[in-house]
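Following: one structure in structure tokens, then a few remarks.
Nothing in this text is a laboratory measurement; each read-out follows from the coordinates by a stated rule. Since this is a predicted model, take the numbers as computed values, not measurements. With ideal geometry, Cβ positions are generated from the backbone for all residues, glycine too; neighbour counts draw on all protein chains shown.
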Amino acid sequence: MKVLLLGSGGRESALAYKLRKSSLLKGLKVFPGNGGFPQKEILPKDSFNLKDKLSTVSFIQKEKFDLVVVGPEEPLVDGIADWLDEVGIPCFGPSKYCAQLEGSKDFAKTLMKEFGVPTARYETFNDYESAKSYLEKEGVPIVIKADGLAAGKGVTVCFQMQEALQALKEIFLDNKFGASGSKVVIEEFMQGEEASIFAICDGANFIILPALQDHKRAFDGDQGPNTGGMGAYCPAPVATEKVYEQVRKEVFQPMLDGLKKKGFPYKGLLYAGLMVDKSGYARVVEFNCRFGDPETQSLMLLIEDDLLEIFMQAANGNLKKNEISLRSGSSCIIVLAAKGYPNDYVKNIELNLKESNSKDVKVFHAGTAIKEEKLISTGGRILGISSYSSNLRSAIENAYSYLRENPQADSFYRSDIGHRAL
Ligand code: AMP
Ligand code: GLY
């Protein structure tokens, strides 16, 4: 199979690592890729314009790809799966309609309510004044969310009324998120421990993957600003058998059934961000329509099955099994970020990397590029060090050993990834 992988982050590096292991793979191409991909896999920058249907579809048809795997949410929200469906090219990723589960918080909440999926109580507002009076009535703690895609920055968890009013003002009056802020979801603050559970879906059936825990704050002890994610580990023990069972029955099954009934079967990866309360009951914080980053960099070290085969089956609406085979141990990923991330960060850091000596420690590139034959940083999250071992403690230790032995200038990482599970 000739496969096109779209995206440029650590997630795509990890997906590519796993896809390359498939005996079904005849050729892998990536667009736009990063400095970690072999040159022969990277398509030229001017190959096509992902924002343009005609340019994208005609390139993919001309090159005769058998499957397109979409890493990030934006092309899915723009409708790439529908464009490919029209010309009969299998795509691992949901339709434009289904991708609204990530593209619009209001859409996601409305469907959850309709299908009876457990989530926080909420209201949606189109203007500042009515949002403000609801907020004043509800009080804090409370969570304020810009409706549309906001690069992970549209959510404010508010413990002070002042903070909440400021968040509302920024969205409605200062237009901080442009069109993504034309609506606001205000929701109940949920207490508990977070976990992410992904399911590979074929429109009717799904395969649940082992739960992960991300670390969203920039610094140790969950301090500092929210980021895209600074590290993760898998499986996360907060997801007990009871949680998997509940999430299967109360989250994935009703979402898939409900969407299918509406005539929009969900195909691709459905990401459920969960809050598990003290009693072990999970409620949905958010849905994403794609694999998590950095969670995928941990997950890919645990999956034994041929993922290409499964992606193809899902894209064709024809999953052949309902469980994934896994290696028995644990895995983790530690993100190396540029100084300043997630705010203004240092760029063009010259990187000096060695391959890891251990076959169970992988260095996945994220924000990197090759410039004048040198490897440099281009993004806030530069690398992910992923590690597998028979137990979580040694997986984590091995990832940190690599980072200590390969220090990089102008960068930082969290030193407490996995702390809740150790
Ligand atoms: P989201 O972009 O929706 O994942 O939100 C980003 C982060 O905000 C989540 O990972 C949670 O840590 C937090 N969050 C979002 N919604 C809630 C909520 N209703 N209660 C508590 N924390 C929340
Ligand atoms: N790591 C969180 C996300 O991918 O949305």
What helix-only [θ] at 222 nm does the chain give? Using -39500 (n - 2.57) per DSSP H run of at least 4, over all residues, to the nearest 500, the answer is -7500 deg cm²/dmol
Once phi for every residue in region 227-236 is put through the Karplus expression 6.51 cos²θ - 1.76 cosθ + 1.60 (θ = phi - 60°), the whole-Hz ³J(HN,Hα) values, with Gly and Pro written as x, are 10, x, x, 9, x, 7, 8, 7, x, 8
Note to self: C-alpha centroids of region 331-361 and region 7-76 sit apart, in Å, by 22
Most fluctuating of F59, F412, F252 in the GNM of the chain (C-alpha, under 10 Å) is F59
Rounded to the nearest 0.05, FRET efficiency between S279 and M161 (Cβ-Cβ, R0 22 Å) equals 0.15
By the Cα gyration tensor axes a ≥ b ≥ c (a/c under 1.5 gives rounded; else a/b larger than b/c gives prolate, otherwise oblate), the shape of region 171-298 is oblate
Length gained if F264 through E323 is fully extended, taking 0.36 nm per residue and subtracting the Cα-Cα distance, is 18.9 nm
Any trypsin sites (Lys or Arg not before Pro) in region 325-413 that lie in a DSSP loop and have at most 15 other Cβ atoms within 10 Å would be R327, K339, K347, K354, K359
Once phi for every residue in region 177-183 is put through the Karplus expression 6.51 cos²θ - 1.76 cosθ + 1.60 (θ = phi - 60°), the whole-Hz ³J(HN,Hα) values, with Gly and Pro written as x, are 10, x, 4, 4, x, 6, 10
1/(1 + (r/R0)^6) with r = Cβ-Cβ of S415 and L173, R0 = 45 Å, i.e. FRET efficiency to nearest 0.05, evaluates to 0.70
Checked region 92-248 with the C-alpha gyration tensor, a ≥ b ≥ c its square-rooted eigenvalues, rounded below a/c of 1.5, otherwise prolate if a/b is larger than b/c and oblate if not; verdict prolate
Listed residues D174, D82, D66; largest mean-square fluctuation, Gaussian network over the chain with Cα springs below 10 Å, found at D174
HN-Hα couplings for region 355-372 via Karplus (6.51, -1.76, 1.60; θ = phi - 60°), in whole Hz with x for Gly/Pro, come out as 4, 6, 6, 9, 5, 9, 10, 10, 9, 9, 6, 10, x, 10, 8, 9, 10, 6
Going through K109/K242; K113/K267; K260/K359; K145/K242 one by one, the pairs whose alpha carbons sit over 31 Å apart turn out to be K260/K359
Per the rule of 0.36 nm per residue minus the C-alpha distance, extending E136 to N316 adds in nm 59.9 nm
Mean-square fluctuation maximum in Gaussian network of the chain, Cα pairs under 10 Å, restricted to S130, S13, S298, hits S130
Ranking C98, N126, W83 by how far each Cα lies towards the positive end of the charge dipole of region 65-146 (+1 on Lys and Arg Cβ, -1 on Asp and Glu Cβ), the top one is N126
Rounded to one decimal in nm, the spacing of the 7 Å Cα→Cβ label points at Y128 and S358 is 5.3
The answer for the per residue Cα convex hull volume of region 1-56, in Å³, is 83
Excluding residues fewer than 8 positions from K53 in its own chain, the aspartates and glutamates with Cα under 15 Å of it are E74, D78, D82, D85, E86
Those trypsin sites (Lys or Arg not before Pro) from region 18-76 that are DSSP loop and have at most 16 other Cβ neighbours within 10 Å turn out to be R20, K21, K26, K45, K51, K64
What one gets for the chain as the Kirkwood radius, inverse of mean 1/r over different Cα pairs in Å, is 21.9
For the chain, the dipole about the Cα centre with charges only on Cβ (Lys and Arg +1, Asp and Glu -1), to the nearest 20 debye, works out at 740
Row for region 211-255, column shape: gyration tensor on C-alpha, a ≥ b ≥ c, rounded if a/c < 1.5 i.e. under 1.5, prolate if a/b over b/c, else oblate; value prolate
E304 and K347 label points (each 7 Å along its Cα→Cβ direction) are spaced in nm at 4.5
Inter-part gap, Cα centre of region 89-104 to Cα centre of region 211-252, in whole angstrom, is 23
Taking a straight Cα-to-Cα line shorter than 24 Å from K374, and setting aside same-chain lysines fewer than 8 residues away, one finds K29, K40, K45, K339, K347, K354, K362
